[in-house]
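Shown below is the structure under consideration.
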Amino acid sequence: MTGAAVPPATPAVTPAGAATRRAVTGMLHSWDLSTGVDGPGTRFVAFLAGCPLRCLYCHNPDTWHMRDGRRTSADEIVREAANYTGFIHTSGGGATISGGEPLLQPVLTGELLHRFKTELGLHTALDTSGYLGDRATDALLADTDLVLLDIKSWDRTLYRHLTGRKLAPTLDFARRLADLGKEVWVRFVLVPHLTDATENVEGIAAFAASLGNVSRVDVLPFHRLGAAKWRALGLDFTLADTPAPTADQTAAARAVFAAHGLHAV
């Protein structure tokens, strides 16, 4: 006796467009909720793995290599962010893609920015050094409300010493963002006896002021909170004896930016 024919399964109900959406994956290091340091309000921050820079003061050297992350789908990350949208909206926050360097994985970054914006209705931010700015497509930037752009030094020689890379790509990316009218927060790490020279700060300030799209400058005091990670990875943290800037030194750097008409915090 043969069994009854089994009817075809009913397709699951999925959001519009989901059936044709490509499955985008990449290497995620971690995610977190933060307030005030990764863009306005409380934010869901996805830290992608991999970075082409080797900043002497990096506090997350555990994000340098792609192998430092785990293969994760955009679906999984968006689902995680969706758990917090009510709280995020109430705070005037959003979602930020950080790293590492998110533009090392431009497909995943673009997918996340698009879905955070269109599916979750979140304000979006891209945290980048700008070194790989040419990998950011116009579509990716259209889905980006704010760019957090790290300009680590104005002096080209010092920039290479700090990062192992050239400054020019970052400046090119900054000019492109200005041409697009994309809002930018410039971020600058103040390191005593390294990046704090008046002419260095003045150079970044004058450049940022010339762009016309920089709404804020974060002067970030150097700290040694990542030193333990360097030791754990067997790396030599050459700034181990460098002090944090004093309140007066930090205020003086902010005053340079303010003198150029920039809102510095």
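Treating the angle as unsigned and between 0 and 90°, give the value, to the nearest 10°, between the Cα long axis of helix 106-118 and the longest Cα principal axis of the chain.
The angle comes out near 70 degrees.
A further question on this structure: Around T124, under 14 Å between beta carbons, what's the net of Lys plus Arg minus Asp minus Glu among the other residues? Mind dumping the intermediate values first?
Details: positive: R43, R115, K117, K182; negative: D38, E111, E119, D127, D143, D145, E183.
Surrounding charge for T124 is -3.
What does the charge count around T96 come to, taking other residues whose C-beta lies under 9 Å from its C-beta (Lys +1, Arg +1, Asp -1, Glu -1)?
Working: positive: R43; negative: D38, D127.
The answer is -1.
Further question: Out of T128, T85, T109, any idea which swings most in a Gaussian network model of the chain, alpha carbons joined below 10 Å?
Highest fluctuation of the listed residues: T85.
Over the stretch 171-265, how many percent of alpha carbon pairs lie in each 10 Å bin up to the one with the longest distance?
Per 10 Å bin, starting at zero, the Cα-Cα P(r) for the stretch 171-265 comes out as 16, 40, 27, 16, 1 percent.
Now, a different point. With point charges of +1 on the Cβ of Lys and Arg and -1 on the Cβ of Asp and Glu, referenced to the Cα centre of the stretch 23-259, which listed residue (A251, F47, I88) lies farthest in the positive direction of the dipole?
Going by the charge dipole, the pick is F47.
Do you know the relative contact order of the chain, to the nearest whole percent, from alpha carbon pairs under 8 angstrom that are 6+ apart?
16 percent
Right, another one. Calculate one ³J(HN,Hα) per residue across the stretch 189-196 by plugging θ = phi - 60° into the Karplus curve 6.51 cos²θ - 1.76 cosθ + 1.60, and present them in order as whole Hz with x for glycine and proline.
For the stretch 189-196, the Karplus curve yields 8, 8, 10, x, 6, 9, 10, 8 Hz.
Apply the Debye scattering formula to the chain, with a single equal point scatterer on each alpha-carbon and no solvent, then give log10 I(q)/I(0) at q = 0.09, 0.10, 0.16 Å⁻¹.
Cα-only, vacuum Debye calculation for the chain: -0.43, -0.52, -1.27.
Further, regarding this structure: Within the set of other residues whose C-beta is less than 14 Å from the C-beta of R156, count the net charge using Lys and Arg as +1 and Asp and Glu as -1. Spell out each step's value before the answer.
Working: positive: K152, R160, R165, K166; negative: D155, D172, E199.
Net of charged neighbours comes to +1.
State to the nearest 20 debye the size of the charge dipole of the stretch 23-259 about its Cα centre, where the only charges are +1 on K and R beta carbons and -1 on D and E beta carbons. Display every interim value, and only then the final one.
Values: 23 positive and 27 negative charges, 73 e Å.
About 360 debye.
Kindly write out, for the stretch 141-152 in residue order, the coupling ³J(HN,Hα) from the Karplus curve 6.51 cos²θ - 1.76 cosθ + 1.60 (θ = phi - 60°), rounded to whole Hz, with x marking Gly and Pro.
With the stated coefficients, the stretch 141-152 comes to 5, 5, 8, 10, 7, 8, 10, 8, 9, 7, 10, 7 Hz.
May I pose another question? Once you've got the GNM for the chain with C-alpha springs shorter than 10 Å, pick whichever of V186, V24, V214 has the biggest mean-square fluctuation.
For the chain, modelled as a Gaussian network with Cα springs under 10 Å, the answer is V24.
A follow-up question, please. Go through the chain and flag any cysteine with no other cysteine's C-beta closer than 4.7 Å, please.
C51 - these cysteines have no disulfide-compatible partner (Cβ-Cβ under 4.7 Å) in the chain.
FYI, it's all coordinate maths here, none of it is from the lab. The structure displayed is predicted, hence computed values, not measured ones. As a convention, Cβ positions derive from the backbone with ideal geometry for all residues, glycine included, and neighbour counts pool all protein chains shown.
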